[in-house]
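Below is one structure; the comments refer to it alone.
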């Protein structure tokens, strides 16, 4: 996977996280986040760091784990009360958004260097 692909995936996921944080009760927003995070948990997202982004491997790995956690909670929320599901998604999505922002910054710095 190219660096530009990783950056595009991270930006799309960061934007979807922001939407879910701001509108946690919106089922369509949560479903969009679920779909968007599929690319973050794709093994190619982390494996590409082996040769190109060795210094970012840990950050990519944490983003992958965070995305998996958010996707799990979205999946689980499909079967529980709305208020409980909104809280269970909002906070891990916020953590993931911060990781993705950091990753995007690191990728931008790498391009400028």
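Just so it is clear, none of the values below were taken in a lab; they were calculated from the coordinates. Please read all numbers here as calculations on a predicted model, not as lab measurements. Glycine also receives a Cβ, built like all others from the backbone with ideal geometry; neighbour counts cover every protein chain displayed.
Quickly run through segment 11-26 and pick out the residues that are part of a helix (DSSP H, G or I) and surrounded by 14 or more Cβ atoms within 10 Å (Cβ to Cβ). Walk me through it before giving the result.
Just the residues of segment 11-26 that are part of a helix (DSSP H, G or I), to begin with: 11-22.
The answer is 11, 12, 13, 14, 15, 16, 17, 18, 19, 20, 21.
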- Counting only residues that are more than 18 Å from residue 87 (Cβ to Cβ) and free of Cβ contacts under 8 Å to residues at least 12 places away in the same chain, segment 16-32 contains a total of 1
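Sort through 8, 3 and tell me the only one that's under 15 Å from residue 108 (Cα atoms), within 15 Å of the chain's Cα centre (by Cα) and surrounded by fewer than 16 Cβ atoms within 10 Å (Cβ to Cβ).
When all the criteria are applied, what remains is 8.
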